[in-house]
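The structure appears right after this line, and notes come after that.
The values are calculated or read from the model by the stated rules, or taken from the named source; none is laboratory data. Treat the numbers as computed from the prediction; the structure is a model and nothing was measured. Cβ atoms come from the backbone with ideal geometry, glycine included; neighbour counts cover every protein chain shown. Ligands, DNA and RNA are stripped out before the accessible areas are found, and what is left, the full protein with its side chains, is counted by its heavy atoms. Shrake-Rupley method; radii C 1.70, N 1.55, O 1.52, S 1.80 Å.
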Amino acid sequence: MISLKEARKKVLSVASILNPEEVKFTFSLGRILAEDIYSSFDIPEFNRAAMDGYAVISKDVTNTSFQNPVTLKIIADLPAGKTTKIKIGNGCCIRIMTGAPMPGGADAVVMFEDTKEIKNYVRILRSVNAQENVAFAGEDVKKGELILKKGSFIRAPQLAMLAALNRTKVKVTRRPRVAVISTGDEIVEPGVKLKTGQIYDSNSYGLCSQVLECGGKSYRLGIAKDNEKILSKKILEGLKFDILLLSGGVSEGVYDIVVNVLKDAGVKMLFWKVAVKPGKPTFFGKRDKTLVFGLPGYPVSSMLNFENLVRPAILKMLGRNDWQRFKVRANFEELIRNNGDRTNLIRVKLTGENERYCVIPFPSQKSGILKSLVWANGIVVLPARKEIKKGEEVLVELLNVEF
Ligand code: AMP
Ligand code: MG
């Protein structure tokens, strides 16, 4: 039996980054950049008005106030998107809209709110300093600047930046293709009527969703009976993918045939059994380039092992190195003890009260209690033979927050 840390290290040492592919930038949301993005021009490319108002020579309006206004002649009108060759001389101004290039001679903009227009003249009611209300060339992005780093996650701001940079095509890492198989004679598809002794397949749906949530592509290959021939056929199909996930049948019961069938299919075992609760019987192996995880059947075990082992592998394959969840310190609200020799993964809920965080564990921490994961928003790692005292500060891994 190896520790969870060692198991993860092993998985990460085997998982390797996938090839890049080029996509239209509009399809890059949620993908991982496979190239550094530099800017080939300044943004903005020209000095421009940052406010609607009048482009002026700031020296013309020093010491100006409501009581002591200055009147300037309006010599042109400049909307955004237009340019003018007209230069401003002393005593003159140009009516300008936000985003329009600053006309020659002008070094500041007085906003409309500080003026009063009378025919072709405007009364300036407030002074402005040189450069006030002007956005400068390159103040957002400089030509040649590294703007988005390889390995970064493309969210809305990154996608907007690609558009601003005129990067209509972008290299992203190929998404890992992940096959998911449920095993067990008692497992049936949701939608049919249950006979006594049967339960609906929830694992494959949970696992496929987890795959999607961390950026992979999931392919549900259905349910295999605890029968070597049937299972073997499905496994061979699953071995064509980047990752194969199985759930159930990895313990040492009479019908737990997954590990043997995997070995017969040529999967090289890298570990089997991890010192973690829930999720001890977890299997990990490899055939050619395919990573194979045999996850335990209990729903919490399969999903938490995905969280701890499969998700880091997927993120690494995508070119990310930040598989760690965001962690916060919080006070544990109860006494909890781990008398066993395996690390416990405690499903907790983090709440913020009176400007401090506290966590409470779900009342049942058994592996079959899927409700505990539905309820939880975090995990507290409780090492073997350790306890957490009521009120003690702990580190909470936030399940729903990713940075
Ligand atoms: P196993 O690891 O096959 O011994 O299964 C352990 C427990 O998890 C049993 O109670 C199974 O019925 C349950 N289980 C196995 N596979 C699934 C599944 N796909 N969905 C929901 N529960 C499952
Ligand atoms: Mg089973």
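Could we say that ARG325 is part of a strand (DSSP E or B) and crowded, with 16+ Cβ neighbours inside 10 Å here? Answer is no for this residue. Kindly indicate the residue of the stretch 177-194 that is within 15 Å of ligand 2 (Cβ to nearest atom) and of a type outside the set (Ser, Thr, Tyr) and also nearest to LEU315 (Cα to Cα) among those meeting that condition. Across the stretch 177-194, the extreme among qualifying residues is ILE181. Restricting attention to the stretch 233-286, the residues being farther than 20 Å from GLY222 by Cβ, touching a Ser or Thr at 6+ places or on another chain (Cβ under 6 Å) and open to solvent by 10 Å² or more (accessible area, probe 1.4 Å) number 2. Within the stretch 251-262, residues that are in the same structural domain as LEU295 (by TED's automatic domain parsing) and part of a helix (DSSP H, G or I) reach partners that are open to solvent by 10 Å² or more (accessible area, probe 1.4 Å) and more than 8 Å from ligand 1 (Cβ to nearest atom) with beta carbons closer than 8 Å, at six or more positions or on different chains, in the pairs VAL259/MET269; VAL259/TRP272; ASN260/GLU228; VAL261/GLU228; VAL261/SER232; LEU262/MET269.
Screening the stretch 87-136 for residues that are over 10 Å from VAL56 (Cβ atoms) and in contact with a Gly (Cβ under 6 Å, 6 or more places away or on another chain) and picking the one that is least open to solvent (accessible area, probe 1.4 Å) gives MET111. Only one entry of SER302, SER372 meets the criterion of being closer than 30 Å to LEU262 by Cα, open to solvent by less than 30 Å² (accessible area, probe 1.4 Å), touching a helix residue (DSSP H, G or I) at 6+ places or on another chain (Cβ under 8 Å) and not charged (D, E, K, R), and that entry is SER302.
ALA55 falls short on exactly one of the conditions (1) farther than 28 Å from ILE75 by Cβ; (2) free of Cβ contacts under 8 Å to residues at least 60 places away in the same chain, and that condition is (1). The residues of the stretch 197-216 that are farther than 17 Å from GLU186 by Cα and surrounded by fewer than 16 Cβ atoms within 10 Å (Cβ to Cβ), listed by number, are SER209, LEU212, GLU213.
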